[in-house]
Amino acid sequence: MGTIEDDPPVKFALPVDSDHKATVFRLFSFDKPHMRAFHLSWISFFSCFVSTFAAPPLIPIIRDNLNLTSTDVGNAGIASVSGAVFARLAMGTACDLFGPRLASSSLILLTAPAVLFFSAASSAASFLTLRFLIGFSLATFVSTQFWMSSMFSPSVVGTANGVAGGWGNLGGGFTQLIMPLIYAVIRDAGAVSFTAWRIAFFIPALFQIMTAYMVFFFAQDMPDGDFKSLKKRGEKPKDSLPSVLRGAMTNYRAWILALTYGYCFGVELTVDNVIAQYFYDRFNVNLHTAGLIAASFGMANLFSRPGGGILSDVVSRKFGMRGRLWTLWSVQTIGGVLCVLLGKVGSLSASITVMIAFSIFCQAACGLTFGVVPFVSRRSLGVVSGMTGGGGNVGAVVTQLLFFHGSKYSSETGITLMGIMIICCTLPILLIYFPQWGGMLWAPSAKNATEEDYYLSEWSVKEQENGYHKASLKFADNSRSERGKNSARATAPAQGESPLPL
Amino acid sequence: MAPTLTASSSFLVAVVILSAFPGFSSGSVLFSTLPRTLVVSASPQPGQVLKAGEDKITVTWSLNGTAPAGTDASYKTVQLKLCYAPVSQVDRAWRKTKDDLAKDKTCTHLITSRPYAASNQSYEYLVQKDVPTATYFVRAYALDANKVQVGFGQTTDKAKDTNLFEVEAITGRHASLDIAASCFSAFSVLSLAGFFMAEKRRGKKGNPTTPAANM
């Protein structure tokens, strides 16, 4: 039951492993299926971020047009990130069952109407509802990570996840620059300001629809084809929803990562919503400048999140999974310390410097998290990704409610308290333990646990008899690199250890 | 390439901040120190609702007759502004009243700016289309040759709760936008239906996109 059959030689543009996942990441290639899937997934995710955060830079106009109060604006900000909590979970499930291509293009097409109908918003209630609905589109994050984990081998999965996630998140910064520009062009062309912002929303909406078309027509779910045709050829058995859900929900590692992701990505979303007003209120910079600073926080994603993913893969080569966990914990904790500092510094230039350092560590921690997520479960990869992603949004909602709602704390006190919460909520990473690879504080199990033991435990004996577990078997073999180089168990199980039952 | 993006952003920010410093160093005027030397009146009745883009306000102003002679020696310009009444400032930090006039956001809509003359002046103002729905009063600032405020007058009292009028803003919505949004939304949802049907047909044909790998 433990053997891997030889695959007939299949022509791929990139070198692949036995799962046909690419073992290298070539950024400037568009070859199908791997790099093409990468580019289409990050661009479509980017468009969702642009749409979700298209309102914040135009708030000064919108709040006058719709007669909003500070409370209305704050509530809409919380609504924009709370929709995705459950949407991300649902998206994870949809990816496991239908494949990322259909799942993501469906969500994008279903949320585009919300972006379009911003042009018809007439009150605080409609504004909040629309921001809530558009926020669902952030669930495309999960399909991105699932897709990269399906296309790229364990040795480069951190990099692929990090770049795709980071470049998508870039949309949140890009939109702060582009929406005011589009608005100004339309207004200067003769439209009244209260109409110009409405017209401006058509641009992100149409871009979003275009990316859905591109994803549907030009990409595929897995290296060997789409879910539907793979199922037809008998290569991908239809999985059972209850088993997939149970597999993820009963895995404590998924819950820990959901919590800790809330304190890197959740914090990032919170900062996206509050940083412009923080600089505006505390240092009296004008709105344009505050927007520029806010944009640079989001734009750091160009290299910081990918950097985290790459770092995860680099560290794993020598230290395996233990290295990935240690690096994640350290980087996220340093981010927390910088956040505490951000709330304390008093001058504008120091504030900007600390903010940029904080953004780098915070976003790198996001990339590092998704260097660990692909290994938590193979069968329920989508749901685990969805739980982690959803946890990120829960962190954003909780943090905004605790520290940035109403006038209990000033912005700077809120930021310092947020930093303390980051440090505390990152500690649970110490508890993550893989029997075959170890954890931060414990070495791998003395009982010679293997990758196969871990991933096959997700399938019942009956399912294994039917051969449903074969993809997990391949993954287990490919993930042996997570043992690291210097470990005594770094080489394949056969060396001097008791042979595995076949 | 990537690191310089943020580096150049922060450099740009620093340049913008530094170039704004001259404004800080000139010393700001406190509203509480300004003498109320101008008499201002506006045409709207208390509680009247004006429509933005349609209705007009006629503002008249002059020097207060009881002011000592020579008060207006330094007055060069008069700025008339539309200001928010306290009821429209509640829970809206961007309209907050601050004593430091450089930071004060009470009066953000300029009606007009005129050279100062001691006699009765008036101006007819069409309420602009970007004026939001709110309750307002009118205030006039007298500026000296350095554009620094040296006196003021307003249509309401010190507590800003008498003689206020309202403006009803335009919605900014248009039927053509609503129709366009509906059409593109329908297109979006129908595309999705089309995708699912296409996928079903692809599934029936068992269309492989790469050569099948045998299990």
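Of the listed requirements (1) in a helix (DSSP H, G or I); (2) surrounded by fewer than 20 Cβ atoms within 10 Å (Cβ to Cβ); (3) at the interface with another protein chain (Cβ under 10 Å from one of its Cβ atoms), A:Gly173 misses just one: (2). Residues in region A:150-174 that are of a type in the set (Gly, Ala, Ser) and either within 15 Å of A:Gly308 (Cβ to Cβ) or under 12 Å from the mean Cα position of the chain (by Cα) (or both): 7 in all. Restricting attention to region A:444-502, the residues that are at pLDDT below 80 and among the aromatic types (Phe, Trp, Tyr) total 1. Within region A:13-21, identify whether any single residue is within 14 Å of chain B (Cβ to nearest Cβ), on the phi > 0 side of the Ramachandran plot and not in a helix (DSSP H, G or I), and answer yes or no. The answer is yes, given that some residue of region A:13-21 is within 14 Å of chain B (Cβ to nearest Cβ), on the phi > 0 side of the Ramachandran plot and not in a helix (DSSP H, G or I). A search for C-beta distances below 6 Å between a residue of region A:177-197 that is at the interface with chain B (Cβ under 9 Å from one of its Cβ atoms) and any residue that is aliphatic (A, V, I, L, M) and surrounded by 19 or more Cβ atoms within 10 Å (Cβ to Cβ), counting only pairs 6+ apart in sequence or on different chains, returns A:Ser193/A:Ile61; A:Phe194/B:Ile170; A:Ala196/A:Ile186; A:Trp197/A:Leu58; A:Trp197/A:Ile61. Taking the condition in a helix (DSSP H, G or I) and modelled with pLDDT under 95, does A:Gly389 pass? For A:Gly389, the condition - in a helix (DSSP H, G or I) and modelled with pLDDT under 95 - is met.
Counting residues in region B:170-179 that are over 30 Å from A:Trp197 (Cβ atoms) and either assigned to a helix (DSSP H, G or I) or in contact with a helix residue (DSSP H, G or I) (Cβ under 9 Å, 6 or more places away or on another chain) (or both) gives zero. Selection of region A:206-252 for residues being of a type in the set (Ser, Thr, Tyr), surrounded by fewer than 23 Cβ atoms within 10 Å (Cβ to Cβ) and at pLDDT below 90 yields A:Ser240, A:Ser243. Quick one: is B:Phe152 over 26 Å from A:Thr195 (Cα atoms), out of contact with any Ser or Thr (no Cβ under 7 Å at 6 or more places or on another chain) and among the hydrophobic types (A, V, I, L, M, F, W, C)? Considered against the rule, which asks whether it is over 26 Å from A:Thr195 (Cα atoms), out of contact with any Ser or Thr (no Cβ under 7 Å at 6 or more places or on another chain) and among the hydrophobic types (A, V, I, L, M, F, W, C), B:Phe152 comes out as yes. Counting only helices (runs of 4 or more DSSP H) that sit wholly inside region A:57-151, those with at least 2 residues that are within 9 Å of chain B (Cβ to nearest Cβ) and of a type outside the set (Val, Ile, Thr) are A:59-65, A:70-98, A:100-116.
Scan region A:19-28 residue by residue and report those that are surrounded by 16 or more Cβ atoms within 10 Å (Cβ to Cβ) and farther than 14 Å from A:Asn161 by Cα. Of everything in region A:19-28, those that are surrounded by 16 or more Cβ atoms within 10 Å (Cβ to Cβ) and farther than 14 Å from A:Asn161 by Cα turn out to be A:Asp19, A:His20.
With respect to being modelled with pLDDT of 90 or more, within 30 Å of A:Val192 (Cα to Cα) and acidic (Asp, Glu), B:Asp100 falls outside the description.
Filtered by the rule that a residue be small (Gly, Ala, Ser) and surrounded by fewer than 24 Cβ atoms within 10 Å (Cβ to Cβ), region A:100-113 gives a lone residue, A:Ser106. Out of curiosity, is A:Asp31 in a loop (DSSP other than H, G, I, E, B) and touching a helix residue (DSSP H, G or I) at 6+ places or on another chain (Cβ under 8 Å)? So A:Asp31 fails the test. Residues that are facing chain B (nearest Cβ under 9 Å) and over 17 Å from A:Cys339 (Cα atoms) within region A:288-305 comprise A:His288, A:Thr289, A:Leu292, A:Ala295, A:Met299, A:Leu302, A:Phe303, listed in sequence order.
Within region A:441-459, the set of residues being assigned to a loop (DSSP other than H, G, I, E, B), touching a strand residue (DSSP E or B) at 6+ places or on another chain (Cβ under 7 Å) and surrounded by 15 or more Cβ atoms within 10 Å (Cβ to Cβ) comprises A:Pro444 only. Contact map, region A:410-426: residues that are closer than 16 Å to A:Val354 by Cβ and assigned to a helix (DSSP H, G or I) paired with residues that are among the basic types (Lys, Arg) and modelled with pLDDT of 85 or more, Cβ distance under 8 Å, separation 6+ or inter-chain. Pairs shown: A:Glu412/A:Lys344; A:Thr416/A:Lys344.
Within region A:175-198, take every residue that is among the hydroxyl-bearing types (Ser, Thr, Tyr) and within 33 Å of the chain's Cα centre (by Cα) and give me the one that is modelled with the highest pLDDT. Top of the filtered list is A:Tyr183.
The values are calculated or read from the model by the stated rules, or taken from the named source; none is laboratory data. Bear in mind the structure is a predicted one, so any value in this text is a computation, not a measurement. Note: ideal-geometry Cβ built from the backbone for every residue, glycine included; neighbour counts use all protein chains shown.
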